[in-house]
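The structure appears below as structure tokens.
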Amino acid sequence: MQRYFVPAEQFAANTVTIKDDDAHHIVKVMRQKIDDEIIVSNGNGHTVLAKISHIEGKEVTATIQYELEDKTEANVEVWVAQSLPKGDKCETIVQKCTELGADKIIPFQSVRTIVQYDQKKMHKRLERWRKIAKEAAEQAHRDVIPEVTEIYSWKQILSIASEADLAMICYEKEDAVGIKDALQRISLSAAVGESEKKKILIIIGPEGGFTEEEASQAEMEGCTSIHLGKRILRTETAGMVALSCIYYETGEMGGK
């Protein structure tokens, strides 16, 4: 069943209104009609099954049948910090990390980042990435749309490491640990009475990797240097592999 994300203000007590591109998709692409059912979410965990009751112009009104209880979000909160790759690779990274379950995607610039955007181009790129995240979240039947942040500096990335219960940087060095070993260093289960999920930050470098100085700076801020196996992964692959490992080890994909 098709899922749509709409702003919270478009929810009323018993109805929800879908507008613009999503309304066009319902009527012109999916060819849905009165009494057809759709899933609608406010992007923040409130997801309902609704029945189309009115179609007019670029607006579709649906009557809420009931709230869906089967939640699709993981039991840990994962942030993927990704150094900007060349070309359109970031679109793939945003799409696939959203499908897998990332809660936040943080593009950033590091020493070996080649890509440089001016303000106008950066705004367009962010707009595009956020649209991709929304569409990927709908396709994956997620309850939330991951946040795609503004482009961070390396200094800003270091500053958020302390906000995570576990911060990891993908950096190939002799004493780097496997991601499984790093995850075992903390308890990823919420303590009794805690409602907040544990936060994990994974930091991925650019095509040329991190410098030794960057890796040292990250470790000084509490990040654990990890590897993702014996093979060298492309920057656009590393985040997907890391997310898969995290979700497996935390029971999301049948591990533990």
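Every read-out reported here was derived from the displayed coordinates using simple, explicitly stated rules and does not represent laboratory data. Quick caveat, the model's predicted, so the values are computed rather than measured. We place every Cβ from the backbone using ideal geometry, glycine too, and count neighbours over all the protein chains shown.
One table, with the values for the structure above:
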| item | result |
| --- | --- |
| Cα Rg, Dmax (largest Cα-Cα span) when computed across the stretch 3-67, Å | 10.4, 28 |
| Tail fraction, Cα-Cα pairs, the chain, threshold 30 Å, whole percent | 35 |
| Cα→Cβ-extended label distance, 7 Å offset, between Q10 and D88, nm | 2.6 |
| Length added when fully stretched, E163-D21, from 0.36 nm per residue minus Cα-Cα | 47.5 nm |
| Around L68: net Lys/Arg minus Asp/Glu count, Cβ-Cβ under 15 Å | -3 |
| Full-extension gain in nm, D181 to Q65, via 0.36 nm per residue minus C-alpha separation | 37.2 nm |
| Inter-part distance where the stretch 79-107 and the stretch 7-54 are each reduced to a Cα centre, Å | 27 |
| Angle in degrees between helix 119-139 and the longest Cα principal axis of the chain, rounded to the nearest 10 | 70 |
| Estimated D of the stretch 1-135 in µm² per second, where Rh is the Kirkwood radius over Cα pairs and Stokes-Einstein applies at 20 °C, 1.002 mPa s | 127 |
| Label-point separation, R112 to N75 (7 Å along Cα→Cβ), nm | 3.7 |
| ³J(HN,Hα), Karplus 6.51/-1.76/1.60, whole Hz, each residue of the stretch 199-210, x for Gly, Pro | 9, 10, 10, 10, 10, 10, x, x, 4, x, x, 7 |
| Range in the chain, longest, excluding exposed GluC sites (Glu not before Pro) [loop by DSSP; at most 11 other beta-carbon atoms within 10 Å] | 70-149 |
| Whichever lysines have a C-alpha closer than 24 Å to that of K199, once near sequence neighbours (fewer than 8 apart) are set aside | K71, K96, K104, K134, K155, K180, K256 |
| Cα-based shape type of the stretch 136-184, given that a ≥ b ≥ c are square roots of the gyration tensor eigenvalues and the cut on a/c is 1.5 | oblate |
| Pairs beyond 31 Å (Cα-Cα), from K33/K124; K121/K173; K58/K89; K58/K198; K33/K131 | K33/K124; K121/K173; K58/K89; K58/K198 |
| Prolate/oblate/rounded call for the stretch 116-157, Cα gyration tensor, a/c under 1.5 rounded | oblate |
| The stretch 23-74: trypsin sites (Lys or Arg not before Pro) in DSSP coil with no more than 12 other Cβ atoms inside 10 Å | R31, K33, K71 |
| Local net charge near M220, Cβ-Cβ under 14 Å (Lys/Arg +1, Asp/Glu -1) | -4 |
